[in-house]
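Trainee: Below you will find the structure I want to go over with you.
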Amino acid sequence: LKRKDIKLKLRVLHTNDHHGHYLPDTNGQFGMAARKTLLDSLRSEIISENGHHILLSGGDINTGTMESDIFDAEPDFKGMKLLGYDAMAIGNHEFDNSYKTLLKQQEWAGFPFLSANIFWKGTSKRVFNPVYIIKKYDDVKVGIFGLTTKDTPFKASHDDAKRKFDFRSIIESARSVVKELREKEKVDLVFVVTHIGHYGSSTSNGDIDLATKVDGIDVIIGGHSQEIINAEKHNGTIIVQAEDWGKYVGVLDLKIGMDNKKSSFDYKLIPVNLKEKVGGERVYIEKEIAQNLDLKKFFSPYKSEADEVGKKVVGKLSRTLDGSRLKVRTEQMPIGQFIAEALNHEVKDIDIIVLNGGSIRSSLEKGPVSRKKIHNVHPYGNTISSIKFTAQELFDYFSVIAKKAVVDSRNIIGGYPQIGKGKLTIVGGKLSLIHISEPTRLGM
């Protein structure tokens with residue numbers, strides 16, 4: 001397009017699935033202080049071109065690191081406020097704490113938490129208000145709302161998600177809000193920040209479904225499935241996602257035509273101090289981004305307190321246990337057996353153990369094991385449930401579990417089962433046999 005045909009430039013900046021990573025990791029990767037430096041630069045750049053900007057999150061700020069979890073993510077939400085986030089989708093892990101804590105987190109953040117499909121149980125009243133926000137750039141109106149996976153009550157650690165709220169239809173909720181934004185508010189563009197995943201699940205629609213089934217959405221800023229989605233287009237809707245942990249900042253540059261509609265776009269993902277191994281040494285993928293010193297100073301007291309708690313050594317490993325996301329969600333892993341052994345130690349007289357692979361969030365390195373490392377592996381405040389089954393009930397239960405063990409390469413789900421004290425034989429996608437045995441000894 002010729003420059004005279006472009007009315008407005010709008011830079012949409014985004015992240016998702018932060019999961020407590022306000023600090024850089026042990027290799028100096030990501031962290032919110034470096035992210036602020038990058039965001040400040042990206043904003044200055046678009047302002048110098050007479051453009052505008054907005055910063056959005058696809059949710060799941062909670063749960064993942066001890067440094068965050070012991071403070072109920074206070075440093076993370078206050079950090080987001082300092083980074084200038086405009087709004088975020090509510091993720092399922094926002095319900096790992098009580099609703100009271102979630103309200104406190106919203107107060108810390110100082111920006112809207114958006115979800116149009118969460119209602120007070122048994123009512124027609126939405127829990128989170130405003131339902132949408134409207135931003136005006138010159139005379140271009142942008143409506144923004146959020147959506148949360150329907151699976152939340154079965155994924156959240158706190159029972160408020162089940163007791164207090166209904167997570168209703170993503171598609172119907174979206175249609176209702178889009179209609180209101182288009183017809184009542186007369187917006188020119190509609191953005192949705194989602195925490196539903198790119199493909200969704202067997203019980204909850206994903207971003208592709210949303211774009212395909214709901215007309216009138218211009219951009220979906222996604223989350224939940226924690227993957228790189230490089231500006232796909234479905235039904236005229238642009239879908240983006242920036243993996244997780246603040247590893248990347250997504251930069252969607254929209255050019256708005258004289259008719260107030262999007263006419264073209266550019267997209268890139270900028271790594272935040274990510275490194276790769278070259279010749280046995282870790283080097284930056286792109287140029288190193290300096291940490292913002294004010295933000296680094298702000299986080300320092302939280303880090304110091306967490307370091308004191310986390311440094312206590314609780315054990316030792318003679319080998320590394322791989323807990324990488326892809327592995328624990330697609331195949332049986334020794335780290336799954338390790339956690340199963342811990343469950344078996346806590347609850348006696350158990351014949352077979354199952355835990356979802358998605359609950360395993362880190363590897364355990366060979367050598368001394370600190371409390372922090374254990375927390376990073378399994379950061380949830382889950383309750384162990386022991387259940388008595390008849391033989392038929394056990395087979396019926398594991399028949400459902402077996403379906404999650406047949407991995408769809410498009411959608412690596414957290415429900416993949418790690419099995420302890422036994423194994424499943426699956427033939428043609430169906431459970432054939434349950435083997436119950438003594439647990440494998442790992443030589444720890």
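The values are calculated or read from the model by the stated rules, or taken from the named source; none is laboratory data. In this text the structure is predicted, and so the values were computed from the model without any measurement. Positions of Cβ are generated from backbone atoms using ideal geometry, with glycine treated the same way; all protein chains shown enter the neighbour counts. For accessibility, only protein heavy atoms count, side chains too; no ligands or nucleic acids. Shrake-Rupley method; radii C 1.70, N 1.55, O 1.52, S 1.80 Å.
Trainee: All but one of (1) hydrophobic (A, V, I, L, M, F, W, C); (2) in a loop (DSSP other than H, G, I, E, B); (3) open to solvent by less than 60 Å² (accessible area, probe 1.4 Å) hold for Val354; state the number of the condition that does not hold.
Mentor: So the condition that Val354 fails would be (2).
Residue by residue, here is whether (1) more than 24 Å from the chain's Cα centre (by Cα); (2) surrounded by fewer than 16 Cβ atoms within 10 Å (Cβ to Cβ); (3) at positive phi; (4) outside any loop (DSSP other than H, G, I, E, B) holds:
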| residue | (1), (2), (3), (4) |
| --- | --- |
| Lys162 | no, yes, no, yes |
| Glu172 | no, yes, no, yes |
| Val190 | no, no, no, yes |
| Thr194 | no, no, no, yes |
| His198 | no, no, no, no |
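Trainee: Filtering the stretch 1-16 down to residues that are in contact (Cβ under 8 Å) with a residue 12 or more places away in the chain and assigned to a loop (DSSP other than H, G, I, E, B), which residue is farthest from Gly223 (Cα to Cα)?
Mentor: Applying the filter and picking the extreme gives Leu1.
Trainee: Moving on to the next point. Considering every residue within the stretch 409-419, establish whether at least one is aliphatic (A, V, I, L, M), part of a strand (DSSP E or B), more than 24 Å from Val313 (Cα to Cα) and open to solvent by less than 40 Å² (accessible area, probe 1.4 Å).
Mentor: Let us first name the residues in the stretch 409-419 that are aliphatic (A, V, I, L, M), namely 412-413, 419.
The next check asks that each one be part of a strand (DSSP E or B); those that pass are 419.
When the remaining residues are screened for being more than 24 Å from Val313 (Cα to Cα), the result is 419.
Subset that is open to solvent by less than 40 Å² (accessible area, probe 1.4 Å): 419.
Yes; the residues of the stretch 409-419 include at least one that is aliphatic (A, V, I, L, M), part of a strand (DSSP E or B), more than 24 Å from Val313 (Cα to Cα) and open to solvent by less than 40 Å² (accessible area, probe 1.4 Å).
Trainee: Pick from Lys287, Lys268: which is assigned to a loop (DSSP other than H, G, I, E, B) and over 26 Å from Arg361 (Cα atoms)? Walk me through it before giving the result.
Mentor: Working: Lys268 fails: assigned to a loop (DSSP other than H, G, I, E, B).
The match here is Lys287.
Trainee: Here's something else I'd like to know. Considering only the stretch 208-226, how many residues are open to solvent by 10 Å² or more (accessible area, probe 1.4 Å) and within 22 Å of Val272 (Cα to Cα)?
Mentor: Step one: of the stretch 208-226, the residues open to solvent by 10 Å² or more (accessible area, probe 1.4 Å) are 208-209, 212-213, 215-216, 218, 224-226.
Next, from what is left, pick out any that are within 22 Å of Val272 (Cα to Cα): 224-226.
Of the residues in the stretch 208-226, 3 are open to solvent by 10 Å² or more (accessible area, probe 1.4 Å) and within 22 Å of Val272 (Cα to Cα).
Trainee: Okay, moving on. Determine which single condition Ile229 fails, assuming it passes every other condition in (1) touching a Pro at 6+ places or on another chain (Cβ under 9 Å); (2) open to solvent by less than 10 Å² (accessible area, probe 1.4 Å).
Mentor: (1)
Trainee: Restricting attention to the stretch 17-28, does a residue exist that is without any contact (Cβ under 8 Å) to a residue 24 or more places away in the chain, open to solvent by 10 Å² or more (accessible area, probe 1.4 Å) and more than 19 Å from Ile228 (Cβ to Cβ)?
Mentor: Looking for residues that are without any contact (Cβ under 8 Å) to a residue 24 or more places away in the chain, open to solvent by 10 Å² or more (accessible area, probe 1.4 Å) and more than 19 Å from Ile228 (Cβ to Cβ), one finds at least one in the stretch 17-28, hence yes.
Trainee: Pairs only if they're at least six apart or on different chains, beta carbon under 9 angstrom, first in the stretch 293-310 and under 19 Å from Phe30 (Cα atoms) and open to solvent by 100 Å² or more (accessible area, probe 1.4 Å), second aromatic (Phe, Trp, Tyr) and modelled with pLDDT of 95 or more; list them, first residue then second.
Mentor: Sorted first by the residue in the stretch 293-310, then by its partner, the list stays empty.
Trainee: Within the stretch 212-225, does at least one residue satisfy the condition of being under 16 Å from His18 (Cα atoms) and touching a Leu at 6+ places or on another chain (Cβ under 6 Å)?
Mentor: Applying the first criterion (under 16 Å from His18 (Cα atoms)) to the stretch 212-225 yields 221-225.
Add one more test, that the residue is touching a Leu at 6+ places or on another chain (Cβ under 6 Å), and what stays is 221.
Yes: one or more hits.
Trainee: Restricting attention to the stretch 133-160, and to residues there that are over 21 Å from the mean Cα position of the chain (by Cα) and open to solvent by 10 Å² or more (accessible area, probe 1.4 Å), which single residue is nearest to Asn62 (Cα to Cα)?
Mentor: Applying the filter and picking the extreme gives Ile133.
Trainee: A further question on this structure: As an exercise: evaluate Asn205 against (1) in a loop (DSSP other than H, G, I, E, B); (2) surrounded by fewer than 22 Cβ atoms within 10 Å (Cβ to Cβ) and give the number of the one condition it does not meet.
Mentor: The failed condition is (2).
Trainee: Let me ask something additional. Go through (1) surrounded by 18 or more Cβ atoms within 10 Å (Cβ to Cβ); (2) more than 15 Å from Leu321 (Cβ to Cβ); (3) among the aliphatic types (A, V, I, L, M) one by one and return the number of the condition Ile384 breaks.
Mentor: Result: Ile384 passes all but (1).
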